[in-house]
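So the structure is just underneath, and the comments pick up after that.
The values are calculated or read from the model by the stated rules, or taken from the named source; none is laboratory data. Predicted model, so just to flag it, every value in this text is computed and none were measured. Positions of Cβ are backbone-derived with ideal geometry, glycine not excepted, and every protein chain shown enters the neighbour counts.
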Amino acid sequence: MWPNSSAASFLLTGFPVLEEAHHWISIPFFAVYTSVILGNGTLLFLIWDDHSLHEPMYYFLAMLATTDLGVTMTTMPTILGVLWLDHREIGHGLCFSQAYFIHSLAIVESGVLLAMAYDRFIAICNPLRYSSILTNTKVVKIGVGVLLRGCVVIVPPIVPLHWFPYCRSHVLSHAFCLHQDVIKLACADITFNRLYLVVLVSFIVFLDCLIILLSYILILKTVMGIASGEERTKALNTCVSHIYCVMVFCVTGIGLSVIHHFGKHVPRVVHIVMSYVHFLFPPLMNPIIYSIKTKQIQCDILRIFSLCKSKI
């Protein structure tokens, strides 16, 4: 039995001062929710249905789409519950579980983007051995490794949340539970939780981004050594979608971190909006980016629409 099982539930927050407009604010959120499910669901269906997409690059893309669906489906139910029904109360167990999945999936997404960079590095810098290096077994091992890393490393700061006494206000600053919000309400020594999160972000997310940057420096060096301008362009085009996705993930993450650490005098609503942007914008944009920049996916989407029209 957890010590805090009988303690008061937490209260989620929508948009302060704009409570009367929550129903209107819910419209773009619901549109984003629907778009994320349709976009990423379509990507997963196309990769499963089209055997020409049964390649490491698209397997990693399927992992990214699955992760994006997980992030959105973890956060949006409580957001829409607050905006539509003013359902603000959330129990400790459900809150800590939501925080765990939100943060672990963010680590998984960082790992998937790193795996995709590795795929592009092998494809361009060592194309003759691409098939022998990135076998289906290797892809599965990478995927399992990325998933386990995300699931395991976030456990140490989440488990203590069950044992902390919460004697301060039980009002959280978002419409979903985040680790950094919950520990602010704890009446206990939270030094470990604060330091662990800083170390985690520094040694995992920052290191992932650094390795991705280094891989693209090596890719660019290899591409510049290709004699044919057409071949150089073709090689770089295979990386464009991934670069955009990394930029979306990193820019929103850095923006949220800057606001969180240095924006003490920034209006509270800005903090809230940046959190929503960080967790919802990448899942919305990733399928759009790959749909626009990847010809094979474009062709498959057009094929689906042509079949729909012919049936009509």
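The table that follows gives values for the structure above.
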item: Residue that is outside any helix (DSSP H, G or I) and more than 22 Å from the chain's Cα centre (by Cα), where the choices are 160, 165; result: 165
item: When residues of region 221-245 are limited to those that are free of Cβ contacts under 8 Å to residues at least 12 places away in the same chain and surrounded by 12 or more Cβ atoms within 10 Å (Cβ to Cβ), the one nearest to the chain's Cα centre (by Cα); result: 234
item: Yes/no for residue 58 being among the aromatic types (Phe, Trp, Tyr), within 18 Å of residue 120 (Cα to Cα) and buried (at least 19 other Cβ atoms within 10 Å of the Cβ); result: yes
item: Any pair with Cβ under 7 angstrom, 6 or more apart, that starts in region 166-178 at a residue that is over 23 Å from residue 257 (Cβ atoms) and ends at one that is among the small types (Gly, Ala, Ser) and buried (at least 16 other Cβ atoms within 10 Å of the Cβ); result: 166/186
item: Residue satisfying condition, being surrounded by fewer than 22 Cβ atoms within 10 Å (Cβ to Cβ) and touching a Leu at 6+ places or on another chain (Cβ under 6 Å), within set 118, 166, 100; result: 166
item: Yes/no for residue 216 being over 19 Å from residue 154 (Cα atoms), part of a helix (DSSP H, G or I) and either of a type in the set (Phe, Trp, Tyr) or touching a helix residue (DSSP H, G or I) at 6+ places or on another chain (Cβ under 7 Å) (or both); result: yes
item: The lone exception for residue 151 - which of (1) assigned to a helix (DSSP H, G or I); (2) modelled with pLDDT under 90 it fails; result: (2)
item: Residue match in region 263-271 (condition: within 22 Å of residue 49 (Cα to Cα) and buried (at least 16 other Cβ atoms within 10 Å of the Cβ)); result: no
item: Sole residue being crowded, with 18+ Cβ neighbours inside 10 Å, part of a helix (DSSP H, G or I), touching a Ser or Thr at 6+ places or on another chain (Cβ under 8 Å) and at pLDDT below 85, chosen from 201, 205; result: 205
item: Considering residues of region 277-312 that are under 12 Å from the mean Cα position of the chain (by Cα) and surrounded by fewer than 19 Cβ atoms within 10 Å (Cβ to Cβ) only, the residue modelled with the lowest pLDDT; result: 277
item: Test for residue 42: is it in a helix (DSSP H, G or I), closer than 30 Å to residue 119 by Cα, modelled with pLDDT under 95 and of a type in the set (S, T, N, Q); result: yes
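For every residue, the table says whether it meets (1) in contact (Cβ under 8 Å) with a residue 24 or more places away in the chain; (2) over 19 Å from residue 147 (Cα atoms); (3) not β-branched (Val, Ile, Thr).
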residue	(1), (2), (3)
28	no, yes, yes
39	yes, yes, yes
42	yes, yes, no
45	no, yes, yes
48	no, yes, yes
52	yes, yes, yes
56	yes, no, yes
59	yes, no, yes
67	yes, no, no
